[in-house]
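A.B. asks: This structure is in structure tokens; I'll ask about it shortly.
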Amino acid sequence: MESLEVYLVGGAVRDRLLGRGGSDRDHVVVGATPERMLELGFKLVGRDFPVFLHPVTHEEFALARTERKSGRGYHGFTFLADPSVTLEEDLARRDLTINAIAEHHDGSLVDPYGGVRDIEARVLRHVSPAFAEDPVRILRIARFAARFTPLGFTIADETLELMRSMVVDGEVDHLVSERVWAEMQRALAEPAPQAFVSTLRSCGALARLLPEVESLYGVPQRAEYHPEVDTGVHLELVLAQAARLAPGDALVAYCALTHDLGKGVTEAELLPKHHGHDAAGVPLVDAVSQRLKVPTEFARAARLVCRWHLLAHTALTLKPSTVLSLFDRLDAFRRPSTLEVFLHACEADQRGRLGREERPYPQAGFLRAAFSAARAVGARDLVLPPDADGLLISQALQRARTRAIASVPRPDVTAG
């Protein structure tokens, strides 16, 4: 498309400069009209502003545009896309300087807002005051923190202050649940999901979006089990372990995020103990899942982890019948993948304690072996009368599975 003034922009440029790959290749076209793009064979796909798919590569090409705030929330914008919009004007509407770098086809960079400098300094910095017009950018900053914190990135002080002012001004209150969840799900799959939570908290948005999580901070736990003491700190440690044990798995991370919500409602006179927090947390988990409209799989798994994670921690001392009951409560025989999510989240909980990150979690190995033994039980293992009905068959199956679990050796250790 030599007749067009085209630049590669956004994540593809940023990640190349960081030595990373995998980002989508997005392009901006300067000086063109929709009619010209269609003449060249591009397919129009944008609804709110002109975005086109390349006829061969199917990469996205957007006409250079400006945007102006016209109302509350992230839908409150009007756009201008015509041949008079310059590349610098298009880059100015972007959220972060590291995302406001363009690359010409000859490899030269256009970097009017210091994005290369901020990549070298490992700083997440907003491009302009217009950042404050879109509350989704708070979520995006938090998501980028979850991605780039392991690379040493921090948020610029002035950007964090701007985010705080957006929260105070009520912009965050206009975010719709679907958009919050979309950004959160992506953040939970990043290498440092705990940074998503800590960033939202540092600007005040966590209390608005996830008050159940905000309530965990400052709540003490028994130091002999939780050297970190603060339940919110524990949560961040658990999220870090979830990313370590199940990299890129947002489902496990969501279970980690919500597993201890019950500790936020423990009565003050009971602290630092949290008896019954597993059951107390279930309605809070349900409230978060319903408010954010999370997928059914996420809501179900988070509820199960919240309710039964303490049982997993004591697995090595449970009766075989109780172990089988746990599998039934998880519906593991019909949904074996649920057990793996459950065990990853439980192990993350056990390792998400200050100084105990490398502590073994033999409960997971035992429960996997016990489940395999129970699942292997077949019709040949059942002793049944010829006229056995469904109830008798079910009872015989339970007995056979219990015997199979009882045969699994248990490590000679106690739960941590």
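Residues are listed down the side, and each one gets a yes or a no for (1) more than 20 Å from the chain's Cα centre (by Cα); (2) within 18 Å of VAL123 (Cα to Cα); (3) free of Cβ contacts under 8 Å to residues at least 24 places away in the same chain:
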| position | (1), (2), (3) |
| --- | --- |
| THR154 | no, yes, no |
| THR159 | yes, yes, no |
| MET166 | yes, no, no |
| HIS174 | yes, no, no |
| ARG179 | no, no, no |
| MET184 | no, no, no |
| LEU188 | no, no, no |
| VAL197 | no, no, no |
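A.B. asks: To continue, here is another question. How about segment 48-59: which of its residues are of a type in the set (D, E, K, R) and under 19 Å from VAL85 (Cβ atoms)?
C.D. replies: Correct list: ASP48 only.
A.B. asks: For segment 245-261, how many residues are of a type in the set (D, E, K, R) and within 13 Å of ASP349 (Cβ to Cβ)?
C.D. replies: Filtering segment 245-261 down to residues of a type in the set (D, E, K, R) leaves 249, 260.
Among the residues that remain, those that are also within 13 Å of ASP349 (Cβ to Cβ) are: 260.
Selection size over segment 245-261: 1.
A.B. asks: Let me ask something else about it. Can you tell me which condition ALA301 does not meet? The list is (1) surrounded by 14 or more Cβ atoms within 10 Å (Cβ to Cβ); (2) in contact with a Lys or Arg (Cβ under 8 Å, 6 or more places away or on another chain), and all the others hold.
C.D. replies: Among (1) surrounded by 14 or more Cβ atoms within 10 Å (Cβ to Cβ); (2) in contact with a Lys or Arg (Cβ under 8 Å, 6 or more places away or on another chain), the lone unmet condition for ALA301 is (2).
A.B. asks: Next question, about the same structure. Limited to segment 89-135, what total is found for residues that are modelled with pLDDT of 95 or more, within 24 Å of ALA195 (Cβ to Cβ) and aliphatic (A, V, I, L, M)?
C.D. replies: Matching residues across segment 89-135 total 10.
A.B. asks: LEU237: surrounded by 15 or more Cβ atoms within 10 Å (Cβ to Cβ), assigned to a loop (DSSP other than H, G, I, E, B) and not assigned by TED's automatic domain parsing to the domain that holds ALA348, yes or no?
C.D. replies: Against the criterion (surrounded by 15 or more Cβ atoms within 10 Å (Cβ to Cβ), assigned to a loop (DSSP other than H, G, I, E, B) and not assigned by TED's automatic domain parsing to the domain that holds ALA348), LEU237 does not qualify.
A.B. asks: Okay, next question. How many residues does segment 240-283 hold that are among the hydrophobic types (A, V, I, L, M, F, W, C) and part of a loop (DSSP other than H, G, I, E, B)?
C.D. replies: Within segment 240-283, residues that are among the hydrophobic types (A, V, I, L, M, F, W, C) and part of a loop (DSSP other than H, G, I, E, B) number 2.
A.B. asks: Looking at (1) within 27 Å of ALA396 (Cβ to Cβ); (2) surrounded by 19 or more Cβ atoms within 10 Å (Cβ to Cβ); (3) without any contact (Cβ under 8 Å) to a residue 40 or more places away in the chain, which is the one condition that is false for THR322?
C.D. replies: (2)
A.B. asks: Looking at THR258, is it within 30 Å of LEU151 (Cα to Cα), touching a strand residue (DSSP E or B) at 6+ places or on another chain (Cβ under 8 Å) and not acidic (Asp, Glu)? Steps first, please.
C.D. replies: Numbers: within 30 Å of LEU151 (Cα to Cα): yes; touching a strand residue (DSSP E or B) at 6+ places or on another chain (Cβ under 8 Å): no; not acidic (Asp, Glu): yes.
For THR258, the condition - within 30 Å of LEU151 (Cα to Cα), touching a strand residue (DSSP E or B) at 6+ places or on another chain (Cβ under 8 Å) and not acidic (Asp, Glu) - is not met.
A.B. asks: Could you list, in sequence order, the residues of segment 343-352 that are touching a His at 6+ places or on another chain (Cβ under 8 Å) and over 12 Å from HIS313 (Cβ atoms)?
C.D. replies: Once the filter is applied, which keeps residues that are touching a His at 6+ places or on another chain (Cβ under 8 Å) and over 12 Å from HIS313 (Cβ atoms), segment 343-352 yields only GLY352.
A.B. asks: Can you tell me which residues in segment 284-302 are assigned to a helix (DSSP H, G or I), without any contact (Cβ under 8 Å) to a residue 40 or more places away in the chain and over 21 Å from ALA312 (Cβ atoms)?
C.D. replies: The answer is GLN290, THR296.
Listed here are the residues, each with its yes/no results for (1) surrounded by fewer than 21 Cβ atoms within 10 Å (Cβ to Cβ); (2) not assigned by TED's automatic domain parsing to the domain that holds GLY10.
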| residue | (1), (2) |
| --- | --- |
| SER84 | yes, no |
| LEU87 | yes, no |
| THR97 | no, no |
| VAL110 | yes, no |
| LEU124 | no, yes |
| ALA130 | yes, yes |
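A.B. asks: Let me ask something else about it. Among the residues of segment 132-173 satisfying the criterion of being in contact with a His (Cβ under 9 Å, 6 or more places away or on another chain) and surrounded by 13 or more Cβ atoms within 10 Å (Cβ to Cβ), which is nearest to ALA243 (Cα to Cα)?
C.D. replies: Looking at residues that are in contact with a His (Cβ under 9 Å, 6 or more places away or on another chain) and surrounded by 13 or more Cβ atoms within 10 Å (Cβ to Cβ), I get ILE141.
A.B. asks: Could you check segment 7-32 and list, in sequence order, the residues that are modelled with pLDDT under 90 and out of contact with any strand residue (DSSP E or B) (no Cβ under 8 Å at 6 or more places or on another chain)?
C.D. replies: Correct list: ARG20, GLY21, GLY22, SER23.
A.B. asks: Kindly indicate whether any position in segment 43-64 is surrounded by fewer than 16 Cβ atoms within 10 Å (Cβ to Cβ), closer than 18 Å to LEU96 by Cβ and in the same structural domain as HIS104 (by TED's automatic domain parsing).
C.D. replies: Checked against the condition, which is being surrounded by fewer than 16 Cβ atoms within 10 Å (Cβ to Cβ), closer than 18 Å to LEU96 by Cβ and in the same structural domain as HIS104 (by TED's automatic domain parsing), segment 43-64 yields no hits at all.
The values are calculated or read from the model by the stated rules, or taken from the named source; none is laboratory data. All values reported here derive from a predicted model rather than from experimental measurement. Reconstructed Cβ throughout: ideal geometry from the backbone, glycine too, with neighbour counts over all protein chains shown.
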